[in-house]
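Notes follow the structure.
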Amino acid sequence: MVTKNAHQLGTWPTAKSLAWCGQVFVALTLVWIALNGFEGLYAGVPAAFAAAALGTLYARGQPYPWHPLRWLVFAGFFLLESVKGGTDVAWRALHPALKIEPEFQPYDIELPPGLPTTLLTSLVSLLPGTLSVRLFEHEHVLNVHALTPSAIDSVRRLERMLGWVFGAPRPNP
Amino acid sequence: MADLGLYVFAAALLFGIGVYGLIVARHLMRKLFAINIMGNAIFILMVTAARPLDGAPDPVPQALVLTGIVIAVSATAFALALMVRLHRETGQVSLSADNESGGDDG
Amino acid sequence: MMDVALPAVAVFLLLNLVAGMLRVYRGPTLADRMLAALLFSTTTVAILLLMAEWMAMPALRHVALLFVMLASILSLAFVGLPRDADEEDT
Amino acid sequence: MMALLLDGLIVLALVSLAVQAISGRSLFRGIIHFVVFGLTMALAWARIGAPDLAMAEAAIGAGLTGALMMVAYRRLVAQGDNHSPRAPAQKSRLAIPIAVGSGLLVGVIGLGALLADNPPGEAGLIVLETLPEYGLGNAITGVLLLFRGLDTLLEIAVLLTALLAARALAGTGDSSATARTQHPETPLVGALLAVVIPLTILVAVHLLRAGTHETGGAFQAGAVLAAAGVLLVLSGRVSRTDTAGPLVRLGILAGLSAFILIGLMPLLYGEALLTLPGMWSIYLIETAMMVSIAAALILLFADAGGLKRDRRG
Amino acid sequence: MTAEALSLIVFLPLLAACVIVAAPGLSALSVRLGLIPLPLLLLAPTLEVLDQGTYRMALAGHNSPLGIEWALDPLSLLMLWLNTGITILVSLHASYGFPPASEAGRRFWPLWLILFASMNALVLSADLFNLYVTLELVTLAAIGLITVEGKPLALRAGMRYLLLALLASLLYLLGVGLLYGQTGTLDLYLIAERIEISWLPVTALSLMIVGLLIKSAIFPLHAWLPAAHGNAPGPVSAILSAVVVKVSVYMIWRLWFWTAADWDLEAVALLLGLLGGAAILYGSLAALVQVRLKMIIAYSTVAQLGYLLLVFPLAGNLAFKAAVYQMLSHGLAKAAMFLAAANILHAIGTDRLRRLAGIDQRMPLDVFALALAGVSIMGLPPSGGFLAKWLFLEAAWEQQAWGWLVLVAFGGLLAAAYLFRVLAVVCLHPRRRLGQRSRRRSPTPASWAALLLAIGAILAGFFSAPVLDLITAGLPPGLGSR
Amino acid sequence: MSVEEGIALLFLLAGCAFYLAGTIGLLRFPDVFCRLHALTKADNVGLGLVCVGLALLSGQARVASMLLLIWLVGLLAATVSAHLIARHAYERDAPPEHEGPS
C-alpha cells in the first residue's frame, strides 16, 4: 500500500493536487464540525488533514473551480431537476399503462473531459428519464439510457448548466 | 428497547436454520453462511440472557459479543482463503468426496 | 403522535423492502439481484435515521452514514465479476 | 404496537434471508442474501438497544463481508468452477429433525434465560459504577480495554493469526490461476473514491475518538478504515504486491505489540499486568489497534480475493 | 516474581512472533528468544505453587466478578510444563523441517509461537470467556499450521477441522452467555460458588462440554482428528496430538470438577465415561486397519483420549491422578511417535506401512524412539503410560467397577496389537530390503528430539513420585474427600 | 401535534410515497436499465424527503447537517452504483470489444 499509481505520484505534488488537498481539507473540517461540533477540533483538524493527504495520495480528484455563487445556483437547479426526475419516474411506474419507451441514445459531450464530464456522467442518472450507461470515444460520447426519446433534453440542460459553472463551454467544431 | 422475547424467538429460528444449512449444504461457502448465521443467533442470546441495566442491555455481554464478532470475521476470512486454496488444489468446493487417509505424503 | 408515526413509517419502508426483495427471487440476471441490494441499502438508511429519532439514539445516524459510505463497495465488487460468471441462473 | 410490528418484520426478514442464504439455487443469490442478512442484523441490534454492535455489524456487514464473499466467489469462478456452486444439497433425512430440535432447544434455553429471575449482572453493575472514575463514557470500550483487556489483546492476536494463516495459504503453490479481475475504468469510480476515501478516514478517526465517550471504538473505526482500503483494492489502486512492504507489516503488528508492551509496563513498577497507565495509553492502544485491524482486514481481503491488477489496459 | 514470569510466559512468544513478522531477518534469533527462556521462567511459578499451593493473579487490577484472573494451581502448572517441554523439543525438530530463516520457516514460526503462547494463556485463564478467546486462538493457529504447506489432503482436513471447531466454539459460547446471565460473572471458580443446580445451568454446562468434546475429538465427535493429525506436517501433528487436543479436555475437567463441583450428575458422568470407553475401542480398532503410519498414530490418539474421560465415572482421587498422568505421559509418547514418523516419512517419502519394512536398519534411532514411545502407549512397565493405566486399574478395583477395569486392560491389549503390527512390519517383515531405498537422511538432532521425548515418556514411569505429589496437592475440591 | 410535526410528517409521508414508487418500478419495469431508473431516482428523492422531515423534527442544526451529509453521500453512491451496474449489464449484452453505442 506504500507506493501506487505511478501516473498519479509522478505528477506529484502539483498545484492541482495541492488545490484538491486543500479543498478536501476544508470540506472534511466542515464535516467534522457537523459530526462533533467545535469541541473536538484539536483531533478533527489533524484528522481532516491526514484524510485529505491520504485521499490525495491514493484517490485524487480534480479540484473544483471556485465559483461559490454559481455552485449555489447549480445546486438549486440540480435539486429541482432531481426532484423532477424522481417524480417523473414515480409517475411512470405508478401509471397503469407504464408509459415508457426505453432506448439507448448516444450523446455527444461538448464539455471538456475531466471533472465536468465526470460530473455530467454521474448526475445524468438523477435527471428525469435518463441513466448514464457508458462513456465512449475518450469520454466524448456518453451512452444514455432514456425512458422516453425526449428525455435527452434534460441532459442538454445539465450540460449547459455545468458549462456555465466551469466557465466557457468548449466551442463547437 | 424492543421486545426481547421476539428476538429470542428469532435466535432460535436462526440457530435451527444454521444447523440445517450446516448439515445439508455442500458448498463450503454456504456452510460458512450457516455457521455465521448460527453465530449471530448466539450473539443475540448472549445479549438477551443478561438482565438489562438502566434500560440498556448489560455492557459486559455486549463487549463479549463485539469480541465474538471480530473472531467470527477473522475465522470466516481465513476459511474463505482456505476454501479458495482448496479449490485451486483439488477443484472442489465441498468436503463430501474424499478418501482422506489415502495419500502417500502426510 | 410521533412515537407512533415514526415506527409506522419505518414499518412501511420495511414492507416496501420486503416487496423489493421479490426482485432478487425473480432475477433474471445477476444485475437485477444487485438492484435489490441497492434498494436495501437506501431503505435501511432511512429506517436507521427514523429509529435514531424515535429511539433517541443519535449513534444510529453514524451507523446510517456508514451504510451509505460503504454501500458502493458491494457494487464495485460486483462489477469486477468476470462477465461469463453470471450464466448460472439466467 | 407499531414497535412490535417493526420488530416482527425485522425478525421475519432475518429468518427469511437466512433461509434464502443457505438454500437458494444459486450461490450468488446466497451471497446477496447473506450480505443483506448482515445489514438486517444491524437493524436488529439497533432495536435491541446495542448501537455499538449495530455499528460493528454495519461496518463489517455493509463493507467487508459482502466484498469478501464476492471476490472469493469470483475467484472460484475464475479458477474454473463450473459445476460446484450449484452442487445439489446433500440428502439427509436427519437434517430437519436435528435442525428443529436444536432450534427448539436454543429457543427454550433463550426464553428460560430471558424469563429467569436473575439479579442484574454484577459485572455489568461494577462497570457502570467504576466507569466514571476513569473518565470514560462508553461502557463497552471500558470493558474491552480497562476491565477485560486480555480478551481484546488476544482478539487482535486472533485476527493476526487468521491473517498469517491466510497469507501462508496464499503464498505457497503456483498463483498462475489467480482471478483475472476487471477493474472498472470509468471516471466515476475515481470521483467516488475521491469523496469516499477521505470521508471514510475522517469518520474512522471520529469513531475512534468517539469510542471513549459514546458509540464507537477501535474495532468499528478499523473496520471502516478497512472498507476504505477494500475500495482501493477493488478499484485497482492498490494491488497485492503493494501489501508486502515493511510499513504494512508494522501496521499489522502495531495493535498487538503496543498492547503487549504497554500491558507489560506496569509490572516494572509493581502494578498488575495490563493496567493501563492513563488516558494517553488508552488513546495510543486504540489508535494502534485501529491501524492493525484495518491493515489485517484489508490484507485478509486481498488474500481471500487473490487480487492482482489486471494489466489489460 | 511469579506475576512477571507468568506474564512473560504468555507474552514473550507472542512478541517473538511479532518480531518475525516485522523483521524476517531476525527470525532465527526471535524463535530462540521466544522459546528457550521459557523453562527458566517456569521456575518461579513452580516454586510458588510448591510453596503456596495456588496462585491467583487479577489482570489489569480488576478481580473476579468483572475482570479476568489467572489461576495457577498444580494442575495448570503441570500443563504449562507439558506444553513448554514438548513444544521446545518439537521445536528442535521443526527447526530442521522449517528453518527459521527460510521462506517456509517465516510462515511456520509465527503461527507456532502464537499456538504456544495461546495454550499457555488458556491453561492459566480462570475466566470462561477468556478461555473461549484463547481456545479460538489455539484452533486458528493449529489449523494455520496444518495447512501451512498447502498440501491438498491437509487443506481438506484443515477445512473440516475449522468448520467443526467453529461449531464447537459456538456451543461453548452459548453456554458462557447463559452462565453470565445466571451469575453475573465469568470467573469459573466464582460461578461455582454462586450457582445452584437447575436445568438452565446444567444445559449451559452440557453445551459447553459438548463443544469441548468436539474440540478434543472424543468419539463420536472425532471425525476431524485422524485426517488433520495424519496429514499435518510432522511437528504440527506432534503438538496437535500431544497438547492441543489435551487443552480442551483440561477445560472439561475444569468445568466439571471445579465449576460444577457440587452438582450431582452421575448419569452424565457415566455417559462421558461410556464415550471414553467407546473412543478407546473404536480408536484402537480403527488404528488396527490403517495402512499409513501417521494415520495409525492419529487413531491411537483418538483411543488414548478416551482414557481421559474415564475420570468422570471413576470420580475419585486415584482416577484423577491416573487421568492427569495419562495426559502427561501420552503427550510425551505421542509427540515422540509423530516425530519419529515424520523422520521416516521424510526419509523414504511415504509412510505406507508396507513400504516401511526394514527401515529399522536404516534409521535405528527413529525406530527405537517409536518403539519406546509405543511401550508407554501400550502401558507396559516401567513407562509413564504403564503407571497411568495402573492407577486407572487401581481406581476401578477400589470402586469395584469391573467393567471399567476390563476396558482399561483390554484397551492396553488393543494398543499393543496395533503397535506390534507396526513394529512387526518394520523389523520382522520378510521383504526387508524394500525399506532400504531411502532418499534422504533426517538430520540427527531431529531424531534425537523424538528419542528424547520417548525417553521422557519412559522416565515418567520412574520419577513419578514428585509429579503425583503435585497432582495430589491440586486435587479438585469435590474429589479431595473421596 | 405541533405545526412543525405536521409538516415533518408530510415530508415523511411523501418520502414513503417515493420509496413505494421506486419499488413498484423495480418490480414492474421490463429490464434492468429501466429498473435502475426507478431505483436511483425515486429512492434518493425519498431518502431526501425523509431526511428533510427528520431534520425538521429534530430541529437541531447538527442533526440537519448530518442528515444532509448522509443524503449527499447516498446520492453519490447511488449514481455511481447505478452507472456501474448499468455498464456491467450493457457490456454483458454487447460484446466487450464493441466500441461505440449501438
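Each value in this text was obtained by applying a stated rule to the coordinates, not by laboratory testing. Remember, predicted model here, so these are calculated numbers, not experimental data. Neighbour counts are summed over all protein chains in view; Cβ atoms, including those assigned to glycine, are modelled from backbone coordinates with ideal geometry.
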Quiz item: So what is the relative contact order for the range E:314-482, in percent, with contacts set as C-alpha pairs under 8 Å and at least six apart?
Solution: 41
Exercise. Determine by what factor the alpha-carbon radius of gyration of the protein assembly as shown differs from 2.2 N^0.38 Å, reporting the quotient.
Key: 0.95
Quiz item: Per residue of C:20-26, what is the mean number of Cβ atoms on other protein chains within 10 angstrom of that residue's Cβ?
Solution: 5
Exercise. Would you please name the chymotrypsin sites (Phe, Trp or Tyr not before Pro) within the range E:82-164 that are DSSP coil residues with at most 14 other C-beta atoms within 10 Å of their C-beta?
Key: none
Quiz item: Per-residue mean of other chain beta-carbon atoms within 10 angstrom of the beta-carbon, peptide E:193-199?
Solution: 1
Self-check item: Relative contact order of chain E, pairs being alpha-carbon contacts under 8 Å that are 6 or more residues apart, as %
Solution: 15
Self-check item: Dipole of the protein assembly as shown, positive end: most advanced residue of E:239, E:358, A:63 [Cβ charges, Cα centre]
Solution: E:358
Quiz item: Looking only at other chains, what is the average number of their beta-carbon atoms within 10 angstrom of each beta-carbon in E:288-300?
Solution: 2
Exercise. Taking amide H positions as placed in the peptide plane 1.01 Å from N, state which residues far from residue A:136 in sequence (5 or more) or on other chains have amide H under 5 Å from it.
Key: A:141, A:142, A:143
Quiz item: If you place +1 on the Cβ of every Lys and Arg and -1 on the Cβ of every Asp and Glu, how big does the dipole about the Cα centre of chain B come out, in debye to the nearest 20?
Solution: 240
Exercise. Would you mind getting the Kirkwood hydrodynamic radius of the range E:1-136 from its Cα pairs, rounded to one decimal in Å?
Key: 15.3
Exercise. On a C-alpha basis, how far is the centre of the range E:284-323 from the centre of the range E:139-164 in Å? Whole number, if you could?
Key: 23
Exercise. Could you rank the peptides E:339-350, D:100-111 by their average count of other C-beta atoms within 10 Å per residue, with the highest value first?
Key: E:339-350, D:100-111
Self-check item: Net dipole in debye of the range A:106-173 [+1 Lys, Arg Cβ; -1 Asp, Glu Cβ; about Cα centre; nearest 20]
Solution: 140
Quiz item: Which length gain, in nm to one decimal place, applies between residue E:32 and residue E:444 when the Cα-Cα distance is subtracted from 0.36 nm times their residue separation?
Solution: 146.4 nm
Quiz item: In terms of the ratio Rg/(2.2 N^0.38 Å) built on C-alpha atoms, what value belongs to the range C:2-82?
Solution: 1.24
Quiz prompt | Positive-end residue, chain D charge dipole about Cα centroid, Cβ charges, pick of D:79, D:201, D:150 | solution = D:79
Self-check item: Value of relative contact order over the range C:2-82, rounded to a whole percent, pairs C-alpha under 8 Å and six or more apart
Solution: 29
Practice problem: Fewest Cβ neighbours within 10 Å first, please rank D:45, E:81 accordingly. | Solution: E:81, D:45
Quiz item: Cα-based Rg of the range E:297-337 per 2.2 N^0.38 Å, rounded to two decimals?
Solution: 1.18
Quiz item: Can you tell me the Rg and the Dmax, both Å, for the Cα atoms in the range D:1-79?
Solution: 14.1, 52
Quiz prompt | About the Cα centre, charge dipole magnitude for chain E (Lys/Arg +1, Asp/Glu -1 at Cβ), debye | solution = 2700
Practice problem: Assuming R0 = 51 Å, can you tell me the calculated FRET efficiency for the pair residue D:98 and residue A:153, based on Cβ-Cβ distance, to the nearest 0.05? | Solution: 0.20
Quiz item: Is chain F rounded, prolate or oblate when judged by the Cα gyration tensor, a ≥ b ≥ c being the square roots of its eigenvalues, rounded requiring a/c under 1.5 and prolate requiring a/b larger than b/c?
Solution: oblate
Quiz item: Which order do D:224, E:49, E:243 fall in if you start with the one that has the fewest other Cβ atoms within 10 Å?
Solution: E:49, E:243, D:224
Exercise. Please report, in Å, the Rg and the Dmax of the range B:4-90, where both are computed over Cα atoms only.
Key: 15.5, 55
Self-check item: Spacing of the two label points (7 Å from each Cα toward its C-beta) at residue A:18 and residue E:271, in nm
Solution: 7.5
Practice problem: Sort E:312-318, E:179-185, B:61-67 for me by packing, meaning the mean count of neighbouring Cβ atoms within 10 Å per residue, highest on top. | Solution: B:61-67, E:179-185, E:312-318
Exercise. In Å³ and rounded to a whole number, note down the convex hull volume per residue for the Cα atoms of chain D.
Key: 192
Practice problem: Using the charge dipole of chain E (Lys, Arg: +1 at Cβ; Asp, Glu: -1 at Cβ; taken about the Cα centre), state which of E:301, E:1, E:259 has its Cα farthest towards the positive end. | Solution: E:301
Quiz item: Taking a ≥ b ≥ c as the square roots of the eigenvalues of the Cα gyration tensor of chain E, is the shape rounded (a/c under 1.5), prolate (a/b larger than b/c) or oblate?
Solution: oblate
Quiz item: Peptides A:65-77, A:33-45, E:54-66: what's the order by average Cβ count within 10 Å, highest mean first?
Solution: E:54-66, A:33-45, A:65-77
Exercise. Under 11 Å from a label point 7 Å along Cα→Cβ of residue F:62: give me every residue in the range A:25-63 with its amide N that close.
Key: A:33-40
